[in-house]
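What follows is a set of notes on a single structure, which appears directly below.
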Amino acid sequence: MQAEPTTPLRALQRPPIPAIVQQHADDALHLRHVRSVLVRAPHVRLLQLGRLDERLDAHLDGLAVAGAYGLARAQAALEQPGCGEVFAAFAAALQAQDSAMQQRVLALAPAAPEAWRGIVSALGWTSAPLLREPVRALLAATSPWQRALGLDACRLHRVDPGPALAAALRADDPVLRLAALRTAAALGRCDLLPLVLAALESAPQDAAAAHAACLLGDRGAALRALEQAAFATPAACDLLRPLAVQALPPEQARAQLRQLMPVAPREAVRAIGWLGDARLVPWLIERMEDVALARVAGEAFCTITGADLAALDLERPAPADLATGPNDDPDDDNVALDDDENLPWPDPARVQRWWQAQAGTLAGATRCFVGAAPTAEHLGQVLRTGSQRQRALAGQQLVLAQPGQALFNVAAPTWRQRRLLGLPGRGG
């Protein structure tokens, strides 16, 4: 593997082949969409994510090698400026250091959320040396939304933006201040905690401020606000609820889950995995008999015990009459994907036998995470070998245990992650 590119690739001297360049453009935007799913997937690990990153990077390189024609193909896709199209176009413009095209793409950000996400994604993907001038210009811009994008770039690369961050935390613009809250939390800027706490009363940013302040070490007003926001509705709350369950005292978290169970049993089962109470494992195994809860109970079981259901042969086939997600019936309006699609079906009997043999190893632990107490050493190992969902939880637990450190970015390009984790491979 080559090191992460820091300068534009030299275009080929011979004319590009239009069909091939178009394929590079099409595949780049498609793979960006696939990646947005995989970074949150329960079955994907750093190795699998790295393989996709290699493919995505190869297509972006193909656009770069095609020179002006490659840029034109990427820009042409902006006729329908979805997240993937904007990502590919902006990544290509940054790679080519084409400031004019960068400005054309940036102009899409204020009007379209999809375009904003694509730009942020490209800022996170592109190597830091290529971002120095564009991000410096964004941070110095007069428009709050441009400064917000500059902060997002710094957040994704875990680079301190300097005085711009404190100034943004004091800003009246909600988009800019939200970016500042997220950046302060990601960077571990505990010195800015008073400014973050001041945003607790600024709806609609109070939940984001509570989230940031908890990561920065506050266990008073911020934790109370986080708990209230995380459990205000039984619906899924994937940004706030995992942090609340991990940050709250165990008994307080259990009390919230007991209230959640009658109205949202699936969400309560998920949260038990984040809680890490090994005493609840037998109850989770019982839930594996329920078709509606079996797979999510299996994931919670694995989050606590570290078991790999597939590797340990603790799976069973899916029920024969199971109907999930979209089907071929034109009269069926349900087009939602199955949330548990990539989770294995646990075999309750085999899981029970395995647990009986292993339960003693977790006896007495206040909290268990992927088979052990969440020490810094163990959490670091989960960041190296765990699934994406486990890795996100591990990074969060590290910060909760020691506020002031940067939150590990499990969505960063994998060569960057491997370098930070001390693993061999590209850029490391």
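Of all residues in the range 385-403, those that are under 15 Å from Asp218 (Cβ atoms) have Cβ atoms under 7 Å from Cβ atoms of residues that are assigned to a strand (DSSP E or B), 6 or more apart or on another chain, in Val399/Gln405.
Of the helices (runs of 4 or more DSSP H) lying entirely inside the range 168-253, those carrying at least 3 residues that are open to solvent by 40 Å² or more (accessible area, probe 1.4 Å) are 174-187, 193-198, 221-230. Taken over the range 95-105, the criterion of being of a type outside the set (D, E, K, R) and surrounded by fewer than 24 Cβ atoms within 10 Å (Cβ to Cβ) is satisfied by Ala96, Gln97, Ser99, Ala100, Met101, Gln102, Gln103. Residues in the range 271-286 that are within 19 Å of Ser387 (Cβ to Cβ) and not aliphatic (A, V, I, L, M): Gly273, Trp274, Gly276.
Checked against (1) surrounded by 15 or more Cβ atoms within 10 Å (Cβ to Cβ); (2) in a helix (DSSP H, G or I), Pro81 passes all but a single condition, namely (2). The numbered conditions (1) among the aliphatic types (A, V, I, L, M); (2) part of a loop (DSSP other than H, G, I, E, B); (3) open to solvent by less than 50 Å² (accessible area, probe 1.4 Å) are all true for Ala300 except (2).
Quick check on the range 116-148: of everything there that is open to solvent by 30 Å² or more (accessible area, probe 1.4 Å) and assigned to a loop (DSSP other than H, G, I, E, B), which residue is nearest to His30 (Cα to Cα)? My answer is Ser143.
Close Cβ contacts (under 9 Å, 6 or more residues apart or on different chains) running from residues in the range 407-418 that are in a helix (DSSP H, G or I) to residues that are of a type in the set (Val, Ile, Thr) comprise Gln417/Val410.
Among the residues that make up the range 55-76, is at least one of them surrounded by fewer than 19 Cβ atoms within 10 Å (Cβ to Cβ), modelled with pLDDT of 95 or more and among the aliphatic types (A, V, I, L, M)? Yes.
Scanning the range 362-377 for residues that are surrounded by fewer than 19 Cβ atoms within 10 Å (Cβ to Cβ), in contact with a helix residue (DSSP H, G or I) (Cβ under 9 Å, 6 or more places away or on another chain) and part of a helix (DSSP H, G or I) yields a count of 1. Of all residues assigned to the range 97-111, none qualifies as being in a helix (DSSP H, G or I) and of a type in the set (Asp, Glu).
Yes/no per residue for (1) modelled with pLDDT of 95 or more; (2) more than 16 Å from the chain's Cα centre (by Cα); (3) more than 23 Å from Trp125 (Cβ to Cβ):
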residue	(1), (2), (3)
Glu341	no, yes, yes
Pro348	yes, yes, yes
Trp355	yes, yes, yes
Gly360	no, yes, yes
Thr366	no, yes, yes
Glu377	yes, yes, yes
Ser387	yes, no, no
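Figure legend. Inter-residue proximity from the range 49-75: first residues among the aromatic types (Phe, Trp, Tyr), second residues open to solvent by less than 30 Å² (accessible area, probe 1.4 Å), beta-carbon distance below 7 Å, spacing 6+ or different chains. Indicated pairs: Tyr69/Val21.
Per-residue answers, yes or no, for (1) more than 12 Å from the chain's Cα centre (by Cα); (2) under 20 Å from Leu193 (Cα atoms):
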position	(1), (2)
Gly380	yes, no
Arg384	yes, no
Gln390	no, no
Gln397	yes, yes
Ala401	yes, yes
Trp415	yes, no
Gly422	yes, no
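For residues that are in a loop (DSSP other than H, G, I, E, B) and surrounded by 13 or more Cβ atoms within 10 Å (Cβ to Cβ), scanning just the range 13-52, find the one that is modelled with the lowest pLDDT. Ranking the candidates gives Pro16 first.
The values are calculated or read from the model by the stated rules, or taken from the named source; none is laboratory data. Everything quoted here is computed from the prediction, not taken from an experiment. Glycine also receives a Cβ, built like all others from the backbone with ideal geometry; neighbour counts cover every protein chain displayed. To get the accessible areas, we keep the full protein, side chains included, count just its heavy atoms, and leave off ligands, DNA and RNA. Shrake-Rupley method; radii C 1.70, N 1.55, O 1.52, S 1.80 Å.
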